[in-house]
Amino acid sequence: MGDGVDKEARERAKAIAEQQRAERRQRKRRCVLCGVEESERTPLGPHPDGIGPACREEAACMARRATR
């Protein structure tokens, strides 16, 4: 009797998880230092200290941080 309820709960959990994965893929990455969104003009790469994505062009990133 509980099998149908369990299956529905699993299916609902799968749908929610897939929706969350899709939202994560669509979300733009931001630089951990200056907060700018990733784009073709401002590509992000790994931060040398491993704290997250950071601007590849350090001078531009520092300039953006100074204006914040």
Any hit, region 22-38, residues being part of a helix (DSSP H, G or I) and either among the small types (Gly, Ala, Ser) or touching a Pro at 6+ places or on another chain (Cβ under 8 Å) (or both): yes
Test: residue in region 29-50 that is exposed (fewer than 11 other Cβ atoms within 10 Å of the Cβ), free of Cβ contacts under 8 Å to residues at least 12 places away in the same chain and on the phi > 0 side of the Ramachandran plot: yes
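Go through region 3-36 residue by residue and tally those that are touching a strand residue (DSSP E or B) at 6+ places or on another chain (Cβ under 7 Å) and modelled with pLDDT of 90 or more.
Of all residues in region 3-36, those touching a strand residue (DSSP E or B) at 6+ places or on another chain (Cβ under 7 Å) come to 28-34, 36.
Next, from what is left, pick out any that are modelled with pLDDT of 90 or more: 30-34, 36.
Final tally of qualifying residues: 6.
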Number of the condition not met by Thr42 [criteria: (1) in contact with a Cys (Cβ under 9 Å, 6 or more places away or on another chain); (2) outside any strand (DSSP E or B); (3) at pLDDT 90 or above]: (3)
Asp49 part of a loop (DSSP other than H, G, I, E, B) and not small (Gly, Ala, Ser): yes
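The values are calculated or read from the model by the stated rules, or taken from the named source; none is laboratory data. It should be emphasised that the depicted structure is a prediction, and the values quoted were computed from it without experimental measurement. Heads up, the Cβs are rebuilt from the backbone with ideal geometry, glycines too, and the neighbour counts pull from every protein chain shown.
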